[in-house]
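Colleague: Dropping a structure here in structure tokens format, bear with me for questions.
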DNA sequence: CACCAGGCAAGTA
DNA sequence: TACTTGCATGGT
């Protein structure tokens, strides 16, 4: 089968339906990085509350987060859930940022993609999805971000095995599409947006743009 | 009330 | 390597 064609069909249908989404929803790169950590296994609405609290306390900068006490930070990001581990992870990340790049996002972003990815994965609390979100949406690197929505949509359309791991899913996109940061940005945004929009209960689903693919299949609990 | 959300790390066998 | 568990809030 031709994966490239399937992926481009999906992209075209979602892009035609939603248009440009210009992700990530943040004002600046550092906010993207913080959001990437806070959104781990957490609803975005909860992350927004935590980000707002950080802004309200003037803490949304590498310098400020370096200074703040971890326990205090935990209380402030409380709405995002897992606040103790996430406070620890934010502290690990800004410590890394200060030690490796003097807290300068520009210097960090100038690193080669493979090198920077390996370094990020070495930070406590940053796994593959968080690293790739930072690389693509904060640093502009051409890497595809895979998450729960990505896995769901590829499984739904029979493009991956049920036991495919992160790297395997990422290969689906990166082996068959041009390595273009703008394309990867919009594609992943579309996937997440579709996942949020088309509800989990079939009865409440509005028509999904992808329904024209595999029209012979019966509806599943999750329609994207 | 139960279930879920844009993961990750540490422990066990 | 493969599987399990802890982490926690707020919305539906």
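Colleague: Filter the stretch A:24-34 down to residues that are touching a residue at least 24 places away in the same chain (Cβ under 8 Å) and under 12 Å from the mean Cα position of the chain (by Cα) and give me whichever is nearest to residue A:87 (Cα to Cα).
Modeller: Ranking the candidates gives A:34 first.
Colleague: Count, please, the residues in the stretch A:25-38 that happen to be surrounded by fewer than 22 Cβ atoms within 10 Å (Cβ to Cβ) and within 8 Å of DNA strand B (Cβ to nearest atom).
Modeller: So the count comes out to 2.
Colleague: Would you point out which residue out of A:105, A:37 is out of contact with any strand residue (DSSP E or B) (no Cβ under 9 Å at 6 or more places or on another chain) and more than 14 Å from DNA strand C (Cβ to nearest atom)?
Modeller: A:105
Colleague: Only one residue in A:150, A:130 is touching a residue at least 12 places away in the same chain (Cβ under 8 Å) and within 16 Å of DNA strand C (Cβ to nearest atom), so which one is that?
Modeller: Checking each option against the conditions leaves just A:130.
Colleague: In addition: Can you tell me which residue among A:188, A:167 is assigned to a helix (DSSP H, G or I), within 16 Å of DNA strand C (Cβ to nearest atom) and modelled with pLDDT of 95 or more?
Modeller: On inspection, the qualifying residue turns out to be A:167.
Colleague: If I filter the stretch A:52-70 for residues that are within 16 Å of DNA strand C (Cβ to nearest atom) and either closer than 22 Å to residue A:144 by Cα or in contact with a strand residue (DSSP E or B) (Cβ under 8 Å, 6 or more places away or on another chain) (or both), do I get at least one hit?
Modeller: No; the residues of the stretch A:52-70 include none that is within 16 Å of DNA strand C (Cβ to nearest atom) and either closer than 22 Å to residue A:144 by Cα or in contact with a strand residue (DSSP E or B) (Cβ under 8 Å, 6 or more places away or on another chain) (or both).
Colleague: Going through the stretch A:40-84 one residue at a time, which ones are free of Cβ contacts under 8 Å to residues at least 24 places away in the same chain, part of a loop (DSSP other than H, G, I, E, B) and either under 22 Å from residue A:127 (Cβ atoms) or within 16 Å of DNA strand B (Cβ to nearest atom) (or both)?
Modeller: Once the filter is applied, which keeps residues that are free of Cβ contacts under 8 Å to residues at least 24 places away in the same chain, part of a loop (DSSP other than H, G, I, E, B) and either under 22 Å from residue A:127 (Cβ atoms) or within 16 Å of DNA strand B (Cβ to nearest atom) (or both), the stretch A:40-84 yields only A:43.
The values are calculated or read from the model by the stated rules, or taken from the named source; none is laboratory data. Here the structure is a predicted model, which means the values were calculated and not measured. Note that each Cβ is placed from the backbone with ideal geometry, even for glycine, and that neighbours are counted across all protein chains shown.
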